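I have placed the structure first, in the form of structure tokens, so that the comments after it can refer back to it.
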Amino acid sequence: MCGRYALGVRVAYVRQRLQEQGMQVDEAPDDDEVRETYNFAPGNFGAVYRVDIPAQCNDNAGQDADSEHQDQSLLSANDNKSKTKKPSNDEAVKYKLQSMKWGLIPFWTKRQPDYGSMMRTINCRDDSLIEDSGMWTSMKRRKRCIVICQGFYEWLKKGPGGKEKVPHFVRRKDGELMCFAGLWDCVSYEGSDEKLYTYTVITTSSNPYLKFLHERMPVILDPASKEMSTWLDPTRKTWSKELQSILKPYEGELECYPVPKEVGKVGNNSPNFIVPVDSKENKSNIANFFANAAKKETAPPDLNMAKDERLTKDSEWSEDNAPKPAPTLKREHSPEEVVHTEERIQQKVDVNSKASPHKKKLRSATHNNPMKKSTGTKAAAGSQPITKFFKK
């Protein structure tokens, strides 16, 4: 499966890299015609490499259902002859980069399909091309192409029921552009003369390296390889075992690593999406955060800090993510402060030790009159035991 990939480079760069790898590029679109993004999603316009022969594919003449289901033996005979026929000077084969929309729309479509219908044709399974029938018939015979990108994303399902999905980025280990085998088509909706070019990415079984990630992967071809030349050969107008054999798991070296989860949202775009989450680039912000925290922790404490402004340690966190208070610091008094403190204490003692000139009279808790000492054996009124009060 391929539901998202990266194409964060300009068309000019793509053209240059393909030519450096021995691929002929006679025509290319402007940079603004292809979406430059590290989060390339279905519906975007991407860079597609294909053969362009003036007499072929300029319109859909001869591509209707009747012509596509002619007698197979007649087609095979004609194609066997065409394999040995070389194009004339007037029919020189040209190769072009073209801007196309991801999500193939067949040429016979009358009205613009909804988004859900388009999503069903962003990928084409390799096993759906074995039989010489079905919706892919005309494309696989005459409209084979190469989809250019930097790599693709796949989500690893983890946790109970696979609820947690961790995005991974897959790219060539040598860092070169990645070339997917694809199919393309051109449609003009009913009542419109405008032509819309669209494409699909062909998928196959995953190779042993990516089995842990997903059971399927895009068909990847090496630039300027024999397989790519065969795939794009315009003289091959019937589906054959040789073409089918090209659609197999990639045998070259790939890299696969987890990337930021923000790539999961289509609207997000960042070059960090193709950088490993455990790399220095993606850890720079985290490193700066802890570096600043360390500076605060090692800074000398402010002795004039209020009591309720306690220091905190960023390196120690409780279960509720609240910072723990650092141990409070005891303030050491200077000798002069100790002498002044002792003098103040001594002054308070001297003041309290002086006798008051007038003795204070004590009052009872239940009477406003001053309490009088008992002079005899008879208890004074108001001081009798509570048992005598109830006997009255």
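The values are calculated or read from the model by the stated rules, or taken from the named source; none is laboratory data. Worth saying up front: this structure is predicted, and the values here are computed from it rather than measured. Cβ sites come from the backbone with ideal geometry, for glycine too, and all protein chains shown count toward neighbours.
Among the candidates G43, G62, single out the residue that is modelled with pLDDT under 95 and either in contact with a His (Cβ under 8 Å, 6 or more places away or on another chain) or at positive phi (or both). Please lay out each step first, then the result.
Values: G43 fails: modelled with pLDDT under 95.
After ruling out the rest, the residue left standing is G62.
Out of R142, R172, which single residue is within 18 Å of G46 (Cβ to Cβ) and touching a residue at least 40 places away in the same chain (Cβ under 8 Å)?
Details: R142 fails: within 18 Å of G46 (Cβ to Cβ).
Among R142, R172, only R172 is within 18 Å of G46 (Cβ to Cβ) and touching a residue at least 40 places away in the same chain (Cβ under 8 Å).
To keep it simple, each residue is scored yes or no on (1) modelled with pLDDT of 95 or more; (2) assigned to a helix (DSSP H, G or I); (3) out of contact with any Ser or Thr (no Cβ under 7 Å at 6 or more places or on another chain); (4) under 28 Å from D26 (Cα atoms).
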residue	(1), (2), (3), (4)
Y38	yes, no, no, yes
A55	no, no, yes, yes
D66	no, yes, yes, no
Q70	no, no, yes, no
L74	no, yes, yes, no
S82	no, yes, no, yes
Q98	yes, no, yes, yes
P113	no, no, yes, no
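Taking only pairs six or more apart or across chains, which ones have beta-carbon atoms under 7 Å, a first residue in the stretch 101-130 that is under 16 Å from E194 (Cβ atoms), and a second residue that is among the acidic types (D, E) and outside any loop (DSSP other than H, G, I, E, B)?
I105/D185; F107/D185
Looking only at the stretch 161-177, how many residues end up being surrounded by 14 or more Cβ atoms within 10 Å (Cβ to Cβ) and farther than 23 Å from K265 by Cα?
3
Please name all residue pairs, on different chains or six or more residues apart, with Cβ atoms under 7 Å, provided the first residue is in the stretch 223-246 and is more than 15 Å from V51 (Cα to Cα) and the second residue is β-branched (V, I, T) and outside any helix (DSSP H, G or I).
Listed pairs, sorted by first residue: Q244/I130.
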